[in-house]
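Input: a single structure, listed below in C-alpha cells.
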Amino acid sequence: MKPIVQISLDLTNIDEALETAAMALRAGVDWLEAGTPLILAEGLHGVRKLREAFPDTPIVADLKTMDGGYLEAEMMAKAGATHVVVMARAHEETIKCVVKAGKDYGIGVMGDNLGCPDMVAGAKFLEDLGCDYVIHHIGYDERRGIAAAGKPMPSPLDQLKEVVAAVKIPVQAVGGLSLEQAIQCPKLGAPLVVLGAPLTIDADAFKTADGDLEASLRKICAAIHGQ
Ligand SMILES: O=C([C@H](O)CO)[C@H](O)[C@H](O)COP(=O)(O)O
C-alpha cells in the first residue's frame with residue numbers, strides 16, 4: 001500500500017479545523033481526521049461541515065466507539081465520514097456491529113488497540129473481527145502517566161515491528177510521534193501516517209521554528225509519499 005498522510009484535527013473549534021484542513025490539503029495531506037476533541041465540541045455537525053467543505057476527501061471520524069457500535073458508525077457515515085474508529089477493548093459484539101455498519105455503508109473500519117494489555121494480540125483480535133486497518137496507539141494519558149512515574153515514556157514505535165508482523169491489514173502508529181518519527185513510519189511497515197499534535201496543538205511552535213507551516217508540511221508530505 002502506498003503511504004497515506006492523515007492529519008488529526010484534534011481541535012475544539014470547527015472554524016480552526018476547517019482552516020487547518022484547507023492548509024493541510026493544499027500541502028498534500030490525503031486524509032482528514034475529525035479528532036475526538038473536535039467531535040466532542042462540534043458533534044456530527046463538525047463531520048458534516050468538513051464533508052461540505054471537502055466533498056472528495058476521506059474523513060476519519062475518531063469517535064473511539066466502545067458501545068452502540070452500529071448506530072455510532074451509521075451516524076458518522078451519514079454525516080460524511082469514510083472511516084470510523086472502534087476500540088479493541090470494546091466488547092467483541094461492538095466491534096462486529098461496527099464492521100457490519102462499515103459494510104452496509106461502504107466505509108472503512110479502523111480498530112484501535114489503545115490500552116490493550118497485549119497490544120499485538122489486540123491488533124490481531126481487531127483483524128480477526130473484520131477491521132480494515134489497525135491503529136497501534138499509545139494513549140495521551142498513558143504516556144504522561146508513565147512518564148510522571150519516572151519511567152521512560154512509551155512510544156507506538158516500541159512494538160510496531162511485532163504489530164506489523166502479526167497482521168495483514170494496514171497499520172497506523174499513533175501517539176506522541178515527532179514529525180521525524182512519523183515520516184519514518186512507512187519504512188517501518190506502517191503506511192498510514194498520522195500527523196497530530198506537532199501540526200495542530202503545537203502549530204505555533206512549529207511555525208516559529210520553520211517559518212511557513214504550509215511549505216514545511218508540503219515537504220513532509222513529499223518525504224512520506226516518496227517512500
Ligand atoms: O486519538 C488521539 C488521542 O487519543 C486524543 O484524543 C490523538 O489523535 C492521537 O493520540 C494523536 O496524538 P498525538 O500524536 O499526540 O497528536
Query - Test result for Thr57, more than 16 Å from the ligand (Cβ to nearest atom), at pLDDT 95 or above and among the hydroxyl-bearing types (Ser, Thr, Tyr) - result: yes
**Report entry** Elements of type helices (runs of 4 or more DSSP H) in region 72-161, at least 2 residues being in contact with a strand residue (DSSP E or B) (Cβ under 6 Å, 6 or more places away or on another chain)
**Finding:** 92-105, 119-128
Query raised in the report: Say we look at region 17-39 and pick out the residues that are surrounded by fewer than 20 Cβ atoms within 10 Å (Cβ to Cβ) and out of contact with any helix residue (DSSP H, G or I) (no Cβ under 9 Å at 6 or more places or on another chain); which of these is nearest to Ala79 (Cα to Cα)?
Result: Thr36
Query raised in the report: Among Ala41, Ala81, which is the only one that is within 19 Å of Ala101 (Cα to Cα), within 16 Å of the ligand (Cβ to nearest atom) and among the aliphatic types (A, V, I, L, M)?
Result: Ala81
**Report entry** Any hit, region 77-92, residues being more than 20 Å from the chain's Cα centre (by Cα), under 21 Å from Leu63 (Cα atoms) and not aliphatic (A, V, I, L, M)
**Finding:** yes
Requested in this report: Just one of (1) part of a helix (DSSP H, G or I); (2) out of contact with any strand residue (DSSP E or B) (no Cβ under 8 Å at 6 or more places or on another chain); (3) farther than 18 Å from Gly111 by Cβ trips up Ala165, so point out which.
Outcome: (3)
Report task. Please work out which residue is surrounded by the fewest Cβ atoms within 10 Å (Cβ to Cβ), limiting yourself to region 77-102 and to residues that are more than 15 Å from Glu127 (Cα to Cα) and of a type outside the set (Val, Ile, Thr). Result -> Lys78
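Out of the residues in region 168-181 that are among the β-branched types (Val, Ile, Thr) and buried (at least 20 other Cβ atoms within 10 Å of the Cβ), state the one that is farthest from the ligand (Cβ to nearest atom). Outline the logic, then answer.
As a first pass, look at region 168-181 and keep what is among the β-branched types (Val, Ile, Thr): 169, 171, 174.
Adding the requirement that they be buried (at least 20 other Cβ atoms within 10 Å of the Cβ) leaves 171, 174.
On the way: Val171: 15, Val174: 5 Å.
Ranking the candidates gives Val171 first.
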Query raised in the report: Do we have any residue at all in region 188-203 that's at pLDDT 95 or above, part of a helix (DSSP H, G or I), in contact with a strand residue (DSSP E or B) (Cβ under 8 Å, 6 or more places away or on another chain) and more than 9 Å from the ligand (Cβ to nearest atom)?
Result: yes
Query - Breaking point among (1) surrounded by fewer than 20 Cβ atoms within 10 Å (Cβ to Cβ); (2) over 23 Å from Ile7 (Cα atoms), for Gly122 - result: (1)
Query raised in the report: Could you list, in sequence order, the residues of region 1-29 that are within 15 Å of the chain's Cα centre (by Cα) and within 12 Å of the ligand (Cβ to nearest atom)?
Result: Gln6, Ile7, Ser8, Leu9, Asp10, Leu11
Query raised in the report: On the given criteria, is Leu32 outside any helix (DSSP H, G or I), closer than 30 Å to Gly189 by Cβ and under 18 Å from the mean Cα position of the chain (by Cα)?
Result: yes
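The values are calculated or read from the model by the stated rules, or taken from the named source; none is laboratory data. Computed from a prediction, not measured in an experiment: that's the story for all the values here. Positions of Cβ are generated from backbone atoms using ideal geometry, with glycine treated the same way; all protein chains shown enter the neighbour counts.
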